[in-house]
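Worksheet for the structure shown next.
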Amino acid sequence: GSTKIFGRETFEKYFEILGRVGYIPGEIALPAGLTGWEFLRMMQALQKCRNEERLAYLLKIFELDPSGETKRMSLGVKRKLAVVAAFMSDPEVLILDEPTSGLSPDLDMEMMELLKDLTKKGRTVVIVTHAMENLDKCDKVAFLGRGGRLCYFGSSAGALRWFNRRSYSRVFASLADE
């Protein structure tokens, strides 16, 4: 398959769109042999954006000290580092796979509030999550069935009516049983 963002093929035009898109993969794999600071500087160079004020703000919010070696960082610290790298260019589009996985409950809430603030500023945020407590915080939700088939797209409350279920857990269970 192929994907387009801003009308450009994402694989062919990767470096053209990199500064406008923030991405967090589900599995965090950071380059070996770098400190957190070196990783952030590398990402700033790739994104062609160096906003030290925004970087300091994000480091404070996520209580992150990026001075250690990435290979020695816990999963939670690696996730925070990936989040800061994705957000530091203030991208127009964020694509986040399980962005709150490995974060403490208070940082999970902080992350969702930050994402909500970004949408109020006109940013597009796409989240893949199994954290059902976060679904009510989303403007729109999509539920995918087997093979990536789109089963529902709309409001979170509408999803419960559409699937005739009382909880998102039961919606997920019904899709798994297909």
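The residues in the stretch 124-160 that are of a type in the set (S, T, N, Q) and in contact (Cβ under 8 Å) with a residue 60 or more places away in the chain can be counted, and the count is 0.
Scanning the stretch 9-29 finds no residues that are on the phi > 0 side of the Ramachandran plot, open to solvent by 40 Å² or more (accessible area, probe 1.4 Å) and out of contact with any strand residue (DSSP E or B) (no Cβ under 7 Å at 6 or more places or on another chain).
Within the bounds of the stretch 120-133, is there any residue that is farther than 30 Å from Asp177 by Cα and within 12 Å of the chain's Cα centre (by Cα)? Yes, the stretch 120-133 has at least one match.
Within the stretch 38-72, being surrounded by 15 or more Cβ atoms within 10 Å (Cβ to Cβ), in a helix (DSSP H, G or I) and of a type in the set (A, V, I, L, M, F, W, C) holds for Phe39, Leu40, Met43, Leu55, Leu58, Leu59, Ile61. Close Cβ contacts (under 8 Å, 6 or more residues apart or on different chains) running from residues in the stretch 51-68 that are without any contact (Cβ under 8 Å) to a residue 40 or more places away in the chain to residues that are open to solvent by 70 Å² or more (accessible area, probe 1.4 Å) and in a helix (DSSP H, G or I) comprise Pro66/Trp37; Ser67/Trp37. With respect to (1) under 20 Å from Ile95 (Cβ atoms); (2) in contact with a helix residue (DSSP H, G or I) (Cβ under 7 Å, 6 or more places away or on another chain), the lone exception for Ser174 is condition (1). Figure legend. Inter-residue proximity from the stretch 161-178: first residues in contact (Cβ under 8 Å) with a residue 24 or more places away in the chain, second residues charged (D, E, K, R) and not in a loop (DSSP other than H, G, I, E, B), beta-carbon distance below 9 Å, spacing 6+ or different chains. Indicated pairs: Tyr168/Glu133; Tyr168/Asp136; Leu175/Arg146; Glu178/Arg146. Here the stretch 78-100 is the region considered, the condition is being touching a residue at least 40 places away in the same chain (Cβ under 8 Å) and within 18 Å of Leu34 (Cα to Cα), and the residue that is surrounded by the fewest Cβ atoms within 10 Å (Cβ to Cβ) is Lys78.
The values are calculated or read from the model by the stated rules, or taken from the named source; none is laboratory data. Not measured: the values here are computed from a predicted model. Neighbour counts run over all protein chains shown; Cβ positions are idealised from the backbone, glycine included. For accessibility, only protein heavy atoms count, side chains too; no ligands or nucleic acids. Shrake-Rupley method; radii C 1.70, N 1.55, O 1.52, S 1.80 Å.
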